[in-house]
Amino acid sequence: HYSQQQHLKKAKTKIPSRDTETDESFQKFLDDKHPFSILNYIPKDLLPIPSDFTANNAKQFLLREEAWIAFADMARSFQNHFQSRKKLSITSAYRSYEHQKQLPKQYCRKNLCAEPWSSEHQAGLAIDLGVNKGRLDPTSLNWLKENAHLWWFHNTYQKGVDTDGKM
């Protein structure tokens, strides 16, 4: 039996080599000008996200293994910081090429969603968050801004349409 704590410790001690080109890489930069090499790429290590420390059924969402381990630890720390009054909730995580392709038809204008072959969601590394099944409140957002980097998470599109091309 391999506990989550052992796995977390192992994941944090890995020092990845620099790789910004390979689709499998955690460091690959994706945008409209830097797409996947294989446009319908699917990560091989997708896992359901543990839901013990989330406000919704996170297990319906998938992330790559190291990302879900880091998220579970971050969600636990978030909950502990707010003394169980608040929990992170997930609104989106891994999205397949086909799912990403359907988003503009459903509700997503071009400046709100990445192209299907250029999405960090398709990479299995992006997660959209709320709190207690609602939107992020200022206190929660501030906690994430100050702490998420400790688990390798960051707000990808934070400069606005003029800078990032996304809202």
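The values are calculated or read from the model by the stated rules, or taken from the named source; none is laboratory data. The shown structure was predicted, so the numbers you read here are calculated from the model rather than taken from an experiment. Quick reminder, even Gly has a Cβ in these numbers, built from the backbone with ideal geometry, and neighbours come from all protein chains shown. The accessibility values were calculated without ligands, DNA or RNA, using every heavy atom of the protein model including side chains. Shrake-Rupley method; radii C 1.70, N 1.55, O 1.52, S 1.80 Å.
So which of Lys28/Lys59; Lys33/Lys59; Lys33/Lys145 end up more than 29 Å apart, counting from Cα to Cα? Too far apart for the 29 Å limit: Lys33/Lys59. Scoring 97-105, 60-68 by mean Cβ neighbours within 10 Å over their residues and listing the highest first yields 60-68, 97-105. Accessible area ranking (1.4 Å probe, heavy atoms, ligands and nucleic acids excluded), largest first, for Asp31, Asp52: Asp52, Asp31.
Grouping the Cα pair distances of region 54-115 into 10 Å bins from zero gives a pair-distance distribution of 19, 39, 30, 12, 0 percent in increasing distance order.
Summarising the label geometry, the points placed 7 Å from Cα in the beta-carbon direction at Gln106 and Ser37 lie 3.0 nm from one another. Region 20-39 and region 60-121 have their alpha-carbon centroids 18 Å apart. For region 82-150, the convex hull spanned by the alpha carbon atoms encloses 112 Å³ per residue. When each of the peptides 84-94, 117-127, 40-50 is scored by the mean number of other C-beta atoms lying within 10 Å of its residues, the order from highest to lowest reads 117-127, 84-94, 40-50. Which of rounded, prolate or oblate describes region 50-90 when judged by the alpha-carbon gyration tensor and an a/c cut-off of 1.5? Oblate, since a/c reaches 1.5 and b/c is not below a/b.
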